[in-house]
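Step one of this worksheet: look at the structure below.
What follows is calculated from the coordinates using simple rules that are stated; it is not laboratory data. Fair warning: this is a prediction, and the values are worked out from it, not measured in the lab. Reconstructed Cβ throughout: ideal geometry from the backbone, glycine too, with neighbour counts over all protein chains shown.
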Amino acid sequence: MAQSKIAAVGDRDSIMLWRALGVETVFAENALAVTRVIDRLAKDGVSIIYITEQCAKMIPDTIQRYLTQPFPAIIPIPNREGTDGYGMAGIKRNVDKAIGADILFGDS
């Protein structure tokens, strides 16, 4: 199989559709498995990793480690049950940090 530059990580029901789009899909549902998958995908040169919010919340230290590197971009996405706001909260934090003010929600 050719190396994919995009991957999706999470529970089977939430990311199975990504496979139909040609994205490498990896099913993982516990912190150890998710960390191992993220590390392997990064080592394999995957540029963008979509990860369900539920999996992302299990591995904050791993995600933080990759935030200081240009690749991979790790992007939390909702799972099949919807979002709990985790992904948007991360975007808000990054924008607030870059701009120095809350321009998205006006909560500052």
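Observations on the structure shown:
- Highest mean first, the peptides 24-30, 48-54, 73-79 sorted by other C-beta atoms within 10 Å per residue fall in the order 48-54, 73-79, 24-30.
- Positive contributions from Lys and Arg (+1) and negative ones from Asp and Glu (-1), summed over other residues with Cβ under 15 Å from the Cβ of VAL26, come out at 0.
- Classification of the range 1-63 by its C-alpha gyration tensor yields an oblate form. The axis ratio a/c (a ≥ b ≥ c) is 1.5 or more, and b/c is at least a/b.
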